[in-house]
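Got a structure for you, questions after.
Bear in mind that the values in this text are calculations on the coordinates, not laboratory data. The model shown is predicted, which means the values in this text are computed figures rather than measured ones. Because the Cβ atoms are built from the backbone with ideal geometry, glycine has one as well, and the counts that use them run over all protein chains shown.
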Amino acid sequence: MILDAWERGLRQPLQRQIVALLAAAVPDGAACDIAALPLGARDAMLFDLREQLFGPDLAAIAVCPACGERLEAEFSLADVRHPPRPARDGDDGDIEIESGAHRICFRPPNTTDLLAIPEGADAAAARAILLERCVIEVSEAGGKPVEPGAPPAALLPVIVEAMADADPQAVVELELACAACGRRFQAIFDIASFLMREIHAWAQQMLRDIDSLARAYGWREADILALSPMRRQFYLDLAAR
């Protein structure tokens, strides 16, 4: 299942790989429904899948912005989980806030929004696309509407902060300290890219194991995949003697 999803995702953008992976891993998962989930809800599913596949403990690499030293950050998934936003009756996912004389209605970004950002777009262009897609309505005092895709510049940091507050699981920041220069800094941990790198390495190793066992015993791929990891490793050890 995971191996098939990995193969289908090859040469696809990361966000499409993630949707395909979750659709394959979640019972009755539908790709369109997963792509429409807020990023935090989607990433919570990725945390669950990562724990099922590889366990709860992680080691990520970060680079110190001051001296360029590579750091290994070790942590547990429990350290970066946020409680889900409580559901309310009639909650359609849209969020309203007020800032000064403006009322802003928006929804948290989802995977479909990320897929709408052209490859190679800079941060400003990506932010503009997300605002255009996710800001539903901006109005002044008295109800006069403002174009959602072009809210006043002073509102931009307010909207960005409100989106982060509404979906805290969507952006995970690690608090790190560089052992070389002492600089303390924050590094973003992206579970989507991290997990896909792990799955890519796992899939390649799995194919090598299948090749070894098929050569040694003449078994079919499906028979080898049906073995438990412990039994498969036992046969690999025997074949290597």
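Please report Rg over Rh for the range 199-239, where both radii come from the alpha carbon positions and Rh follows the Kirkwood definition.
Values: Rg = 9.5 Å, Rh = 10.1 Å.
Taking Rh as the inverse mean 1/r over Cα pairs, Rg/Rh reads 0.93.
Run the Debye formula on the Cα coordinates of the range 1-105, all scatterers equal and no solvent, and tell me log10 I(q)/I(0) at q = 0.11, 0.16, 0.19 1/Å.
-0.54, -0.95, -1.09
Under a GNM of the chain (C-alpha, springs under 10 Å), which listed residue has the highest mean-square fluctuation: R184, R50, R103?
R184
Report the Cα-based extents of the chain along its three principal axes, largest first, to the nearest Å.
Taking the Cα atoms of the chain, the three principal extents are 79, 49, 35 Å.
Taking a quarter of the surface of the convex hull around the Cα atoms of the range 61-138, what do you get in nm²? List each step's numbers first, then the result.
On the way: hull surface 36.0 nm².
With the hull built on Cα positions only, its mean projection is 9.0 nm².
Still on this structure, please answer the following. Which of the GluC sites (Glu not before Pro) found in the range 93-131 are loop residues per DSSP with 14 or fewer other Cβ atoms within 10 Å of their Cβ?
Numbers: sites: E96, E98, E119; in loops: E119.
In loop regions of the range 93-131 (DSSP not H, G, I, E or B), the sparsely surrounded GluC sites (Glu not before Pro) are E119.
If each DSSP helix of 4+ residues adds -39,500 (n - 2.57) and the sum is divided by the residues in the chain, what number results at 222 nm, nearest 500 deg cm²/dmol?
Numbers: 11 runs with 117 residues, N = 241.
Theoretical 222 nm ellipticity from helices: -14500 deg cm²/dmol.
Pull the list of the chain cysteines that no other Cys approaches to under 4.7 Å, Cβ to Cβ.
C32, C105, C134
I've got another one for you. Note down the net charge around R183, summing +1 for each Lys or Arg and -1 for each Asp or Glu among other residues with Cβ under 13 Å from its Cβ.
Numbers: positive: R184; negative: E69, E175.
In short, -1.
For a test of the definition: using alpha carbon positions, the gyration tensor, and the 1.5 limit on a/c, classify the range 1-40 as rounded, prolate or oblate.
Numbers: a/c = 2.42, a/b = 1.27, b/c = 1.91.
Since a/c reaches 1.5 but b/c is at least a/b, the shape of the range 1-40 is classed as oblate.
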